Ligand code: K2U
Ligand code: NI
């Protein structure tokens, strides 16, 4: 089981290293890693488990964050239409990206960054990834093409950055004049 103590923090060399392609067929160790990464994200969203094990909530995690410099990450995130995107990806490739840029209003967070950060991070409004998806139930590695947009696309771009040794903290801006927010935060001044 992955715990917060297993997650390396900013300044660690592995977070700034381009991770290596995963050798195929998947080793038992890589299968275990993929399964544990996805389970960590799911656990982090379960109030009881997250409280018991003091897990920070997360919608994704990449292998370099547990000091495994391999091109693997997991994401478990529901979009605003209630569609769940739950994947453990191997050797993802960014095949296409939009010209339009979006950002998380208020800025992003990161399991590997313990400090408050100021600023927003530019992300593509829509992306297409090709990857191998590890299906834990069937123990199969399935080639997939994922067309993602909005907040879900941002999650996958954040994790994809991790396997390229890129931290969101290197891409903080006070404003992005030509970008749109991925969603609108509830404004406490909203009148009913
Ligand atoms: O890679 C990680 O550190 C996990 C991040 C991924 C992420 C950060 C910013 C924007 C999208 C994805 C954590 O999930 S950040 C904490 C978090 C928790 C719940 C919802 C959103 C962000
Ligand atoms: Ni992160």
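Scan the stretch 66-79 and give yes if some residue there is away from ligand 2 (no atom under 16 Å from the Cβ), under 14 Å from the mean Cα position of the chain (by Cα) and part of a strand (DSSP E or B), otherwise no. Yes; the residues of the stretch 66-79 include at least one that is away from ligand 2 (no atom under 16 Å from the Cβ), under 14 Å from the mean Cα position of the chain (by Cα) and part of a strand (DSSP E or B). Could you tell me whether residue 151 is closer than 12 Å to residue 182 by Cβ and without any contact (Cβ under 8 Å) to a residue 40 or more places away in the chain? No, not satisfied. Contact annotation: residue pairs with Cβ atoms under 8 Å, 6 or more positions apart or on different chains, pairing a residue in the stretch 99-123 that is at positive phi with a partner that is within 12 Å of ligand 2 (Cβ to nearest atom), are 107/117; 107/121.
Remark: pairs (first residue in the stretch 59-79, within 15 Å of residue 167 (Cα to Cα); second residue part of a helix (DSSP H, G or I) and within 10 Å of ligand 2 (Cβ to nearest atom); Cβ separation under 6 Å; 6+ apart in sequence or on different chains) = 60/155; 60/159; 62/159; 62/162; 64/15; 64/162; 73/159.
Just one of the listed residues (94, 38, 111) is in contact with a strand residue (DSSP E or B) (Cβ under 7 Å, 6 or more places away or on another chain), farther than 24 Å from residue 5 by Cβ and either within 16 Å of ligand 2 (Cβ to nearest atom) or not in a loop (DSSP other than H, G, I, E, B) (or both), and it is 94.
Restricting attention to the stretch 114-151, report how many residues are assigned to a loop (DSSP other than H, G, I, E, B), surrounded by fewer than 16 Cβ atoms within 10 Å (Cβ to Cβ) and more than 16 Å from ligand 2 (Cβ to nearest atom). Selection size over the stretch 114-151: 5. Candidates 185, 146: the one that is touching a residue at least 24 places away in the same chain (Cβ under 8 Å) and farther than 24 Å from residue 42 by Cβ is 185.
Check the stretch 19-31 and report whether any residue there is within 17 Å of residue 112 (Cβ to Cβ) and either at pLDDT 95 or above or out of contact with any helix residue (DSSP H, G or I) (no Cβ under 8 Å at 6 or more places or on another chain) (or both).
Checked the stretch 19-31: at least one residue is within 17 Å of residue 112 (Cβ to Cβ) and either at pLDDT 95 or above or out of contact with any helix residue (DSSP H, G or I) (no Cβ under 8 Å at 6 or more places or on another chain) (or both).
The values are calculated or read from the model by the stated rules, or taken from the named source; none is laboratory data. These figures come from a predicted structure and were not determined experimentally. Here the Cβ is made from the backbone with ideal geometry for all residues, glycine too, and neighbour counts use every protein chain on show.
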